[in-house]
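Peer 1: Take a look at the following structure, please.
The values are calculated or read from the model by the stated rules, or taken from the named source; none is laboratory data. Values in this document were obtained by computation on a predicted structure and should not be read as measured data. In this analysis, Cβ positions are derived from the backbone assuming ideal geometry, glycine residues included, and neighbour counts consider all displayed protein chains. For accessibility, only protein heavy atoms count, side chains too; no ligands or nucleic acids. Shrake-Rupley method; radii C 1.70, N 1.55, O 1.52, S 1.80 Å.
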Amino acid sequence: MKTAEELRKEHLERLKKAVANEKTDRPPITLNADAFLVQYGGGKVSDLVLNPEYGNECCIKGLQKLGDIDCGGPGTYPPVMGAFAFAKMKVPGRDLADNMIWQIDELRPMTVEDYDVIIDKGFNYYSMEFQKKYLPELEKEMEYWAPLAPKIAQMYKDAGYVTLSGDGDAPFTIAGGVFGGFMSARGSKALLMDIRRIPDKVMAAMEVAYEESSKALREAVRKFKPLTVFTGAAGAGDFLSMKDFDKFIFPQFKNDVDIIVEEGSNCYLHLDLCWDRFIDHLLEFPKNRCVFGPDGTTDMFKAADKLYGHMAFYGDVHPALLTLGTPDEVYAYCKKLMDRVGDKGLIMSTGCSVPANAKPENVEAVIAAALGK
Amino acid sequence: MSNKLVEAMADLNEDAVLEEVKALKAKNVPALDIIASLQEGMGIVGKRFEEKEYFLSELIMSAEIFNEASQLLGGMGGAGTASKYGTFVMGTIYDDIHDIGKNIVTTVMSSNGFNVIDLGVDVPTAKYVEAIRQYKPKVIGISCLLTTAFDNIKECIQTLEKEGLRKDVKVLIGGGPVDEATCKYVGADHVCRNAQETVEYSKKYMGVQ
Ligand code: B12
């Protein structure tokens, strides 16, 4: 029987190799599955809110019950999740029934005039002012969570788990890049019209925001040197023409990747929505320093035709398959993926998150496939 | 038909559309004829979207320009086209707050001649029932991005059945993880992948060629 320390070392070595796009004995496994795991481990989703230590303990039990999972943590506390989405949180146990998934209720406060505020005073200033005014409760939640977070992160470590993107203190780029941040603040419909009506104004504000975020990113990567930085860009899928994608999204995304790599870390590319149209772009990123992480929507196999050999893969069982599919279907999907890209640089996971109502036997099938059972 | 207006609409030239609508109005061209030109332009936008020359950003912009132009004509009601194709009731199912896709669908549907009733997000079954009784739509839309809410759509459709409302409405569903298997599971009529498809299917179900 290996000690937790030995297990952790083994997990870390495996994960490092996979990230570097090297051969591993088996794909390391990571699950973004808090709402599923807490229940699978004997708790309720509301435990994560009302008693986060106990809730996360249940998640750890859930991980242990599933088998030899490599990654876990650093810990979940839903009430602080709205911070980056300009959103109020509705959480189970307080606003919602015990086993409901939390809701992120975006307030979309940003007006056309606010572009000038951002140009003058910065996006950080704008965000802080917003939080003070509209989310006064968030500060208290952050104060409550601040001392708990490292304690809970340590619980996962003590159980032998490693994290892909740092232990909660590590940097990540603004969720979805500056474009994603603006999308939350302004609302997607309004932003998409702004980039047609007042493109120069939007660009000027985005540049100011990016200046701030890229500086913070460089400092944080230098300080914490996480294995990977959680990065990505909103605006994929059918939102924009290639011309607009190349103007508003890709340059900043590429620059984030360059900063992270220059500072000695790697990139976990968290890619929401369909990236089929943009796969060629990803070939511009440095070789063997990125993990391609789609959310179940991008065609993983077509992507592999281009990206295999250039970067590692993270993926990517579809949430609907985990919920409505059968274990055989899930197992077959994972095997197909492993046959295609699994001989090196594959991290076994699901597309973005495991649904709270995934069938346990389907999640077990993902693990069985990865462990070679 | 004003070619200039059709073209400006298709090219999303907001200023040119509004100017031309004003000019035509000043020349006493009937509102219905002006709307027909705008709709011709919207048809081209739809085609360009299908051909992947336009994307959601262009689709939303076209709907916005169309709505502004019809305001100049006294609103869709004023132009006498409020329910050219009938009423479409839509919302995001309860427990789910995703609305980006829903808002695109409702915007595009209303600029394509449907009278849209938007029920918002986190919509309980009772609200669908009430809206169906009140507006008697032939087609309703349920948006859902969460697998955890699939059972809610199922419950909603079963309730429509129990209330005797199901046979008179077609139920379209859509949203990220929703697929054919979901459609079958919840008992809906059709999954639409995007707003343009929603327009096509609703026209079909409402008997518009
Ligand atoms: C943006 C986003 C958010 C935003 C929502 C912003 C908003 N106001 O809507 C925020 C950050 C707030 C959010 C929150 C959450 N999200 Co979210 N989110 C997404 C994301 C990345 C994109 C959705 C989107 O806007 N797409 C763009 C639009 C244009 O596309 P669309 O919605 O599919 O709509 C088009 C078509 O589908 C169609 N359509 C849509 N609806 C309808 C309806 C009808 C009738 C018809 C005919 C057509 C139609 O037309 C639209 C236009 O073309 C998806 C990923 C994905 N791949 O879908 C995850 C995703 C939906 N989210 C997910 C999750 C888990 C959550 C959270 C629980 C987060 C968490 N883990 O903490 C919360 C809480 C949500 C809740 N309780 O409702 C999961 C759901 C997994 C599951 N269980 O099923 C997804 C699938 C990500 C993933 N792969 O894990 N999310």
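Peer 1: Quick one: 3J(HN,Hα) in Hz for segment A:329-342, Karplus 6.51/-1.76/1.60 with θ = phi - 60°, rounded, Gly and Pro as x.
Peer 2: Whole-Hz 3J(HN,Hα) from phi for segment A:329-342: 5, 5, 4, 4, 4, 4, 5, 4, 5, 5, 5, 7, 10, x.
Peer 1: So for the protein assembly as shown, taking the charge dipole from beta-carbon charges (+1 Lys/Arg, -1 Asp/Glu), which of A:G75, B:Q158, B:G175 sits furthest toward the positive end?
Peer 2: Result: B:Q158.
Peer 1: Given the options A:G232, A:H318, A:Y54, identify the residue whose Cα lies farthest towards the positive end of the charge dipole of chain A (+1 on Cβ of Lys, Arg; -1 on Cβ of Asp, Glu).
Peer 2: Looking along the dipole axis, the top candidate is A:H318.
Peer 1: Using a cut-off of 12 Å between alpha-carbon atoms, which aspartates and glutamates can reach B:K4, once sequence neighbours fewer than 8 places away in the same chain are excluded?
Peer 2: Reachable aspartates and glutamates: B:E19, B:E20, B:E40.
Peer 1: I would also like to ask the following. What residues have an amide H closer than 5 Å to that of A:V229, excluding those fewer than 5 places away on the same chain, when H is modeled at 1.01 Å from N in the peptide plane?
Peer 2: A:N266, A:C267, A:Y268
Peer 1: Nearest 500 deg cm²/dmol is fine: what mean residue ellipticity at 222 nm does chain B get from its DSSP H runs of n ≥ 4 alone, each adding -39,500 (n - 2.57), divided by its residue count?
Peer 2: Rounded to the nearest 500, the figure is -17000 deg cm²/dmol.
Peer 1: Tell me, what is the percent relative contact order of chain B, built from C-alpha pairs under 8 Å that lie six or more residues apart?
Peer 2: Relative contact order of chain B: 17 percent.
Peer 1: Let me ask something else about it. Can you say what percent of the DSSP beta bridges in the protein assembly as shown, counting only those with both residues inside, are antiparallel? Round to 5.
Peer 2: 10
Peer 1: Among the lysines, select those whose C-alpha is under 19 Å from the C-alpha of A:K121, and discard any that sit fewer than 8 residues away in the same chain.
Peer 2: A:K132, A:K133, A:K201, A:K215
Peer 1: With all protein chains present, calculate the accessible area of B:T159 using a 1.4 Å probe and round the result to the nearest 10 Å².
Peer 2: 30
Peer 1: Could I ask something else about it? Using the structure shown, select from A:K359/B:K52; A:K16/A:K223; A:K247/B:K184; A:K44/A:K151; A:K61/A:K373 the pairs with a Cα to Cα distance greater than 31 angstrom.
Peer 2: A:K359/B:K52; A:K247/B:K184
Peer 1: Next question. Under 8 Å for C-alpha pairs, at least 6 residues apart: give me the relative contact order for segment B:84-205, rounded to a whole percent.
Peer 2: Dividing the mean separation by the residue count of segment B:84-205 yields 28 percent.
Peer 1: Enumerate the amide H contacts of A:Y161 below 5 Å, restricted to partners 5 or more residues apart or on another chain; note that Pro and chain-start residues carry no placed amide H.
Peer 2: Distant-sequence amide H within range of A:Y161: zero hits.
Peer 1: State in Å² the accessible area per residue of chain A; use a 1.4 Å probe, count heavy atoms of protein chains only, and round to the nearest integer.
Peer 2: With the other protein chains kept in place, chain A gives 41 Å² per residue.
Peer 1: Could you compute the net charge surrounding B:G86? Neighbours are other residues with a C-beta less than 10 Å from the C-beta of B:G86; K and R count +1, D and E count -1.
Peer 2: +4
Peer 1: Taking 35 Å as R0, compute the FRET efficiency from the Cβ-Cβ separation of A:K215 and A:D280 and round it to 0.05.
Peer 2: 0.75
Peer 1: Same structure, new question: Please report the buried accessible area for the interface of B with A, total over both chains, probe 1.4 Å, in Å² to the nearest 100.
Peer 2: 2400
Peer 1: To continue, here is another question. What trypsin sites (Lys or Arg not before Pro) in segment B:94-194 are in a loop by DSSP, with at most 14 other Cβ atoms within 10 Å of the Cβ?
Peer 2: Sites meeting the loop and neighbour criteria: B:R193.
Peer 1: Could I ask something else about it? For segment B:3-72, what is one quarter of the convex hull surface built on the Cα atoms, given in nm²?
Peer 2: With the hull built on Cα positions only, its mean projection is 4.0 nm².
Peer 1: Another question, if that's okay. Let me check against my output: what whole-number percent is the relative contact order of chain A, with C-alpha pairs under 8 Å and at least 6 apart?
Peer 2: Relative contact order for chain A comes out at 21 percent.
Peer 1: Then there's this: Counting only other residues whose beta carbon sits under 12 Å from that of A:E5, what net charge do I get with K and R as +1, D and E as -1?
Peer 2: +1
Peer 1: Same structure again: Using +1 at the Cβ of each Lys and Arg and -1 at the Cβ of each Asp and Glu in the protein assembly as shown, identify which of A:G42, A:S214, B:V139 lies farthest towards the dipole's positive end.
Peer 2: B:V139
Peer 1: Another question, if that's okay. What is the local net charge at B:C156, summed over the other residues whose Cβ is closer than 13 Å to its Cβ (Lys, Arg +1; Asp, Glu -1)?
Peer 2: Cβ neighbours under 13 Å give a net charge of -4.
Peer 1: Share of chain B's accessible area from carbon and sulfur, percent, 1.4 Å?
Peer 2: Ligands and nucleic acids excluded, carbon and sulfur reach 49 percent.
Peer 1: Could you give me the ³J(HN,Hα) list for segment A:247-261, computed from phi with Karplus coefficients 6.51, -1.76, 1.60 and θ = phi - 60°, whole Hz, x at Gly and Pro?
Peer 2: My calculation for segment A:247-261 gives 8, 9, 10, 5, x, 6, 4, 4, 5, 4, 4, 4, 4, 4, 6 Hz in order.
Peer 1: Whole-Hz Karplus ³J(HN,Hα) for segment B:150-167, in order, using 6.51 cos²θ - 1.76 cosθ + 1.60 and θ = phi - 60°, x for Gly and Pro?
Peer 2: Computed from phi, the couplings for segment B:150-167 are 4, 5, 5, 5, 4, 4, 4, 5, 5, 5, 4, 4, 4, 7, x, 9, 5, 5 Hz.
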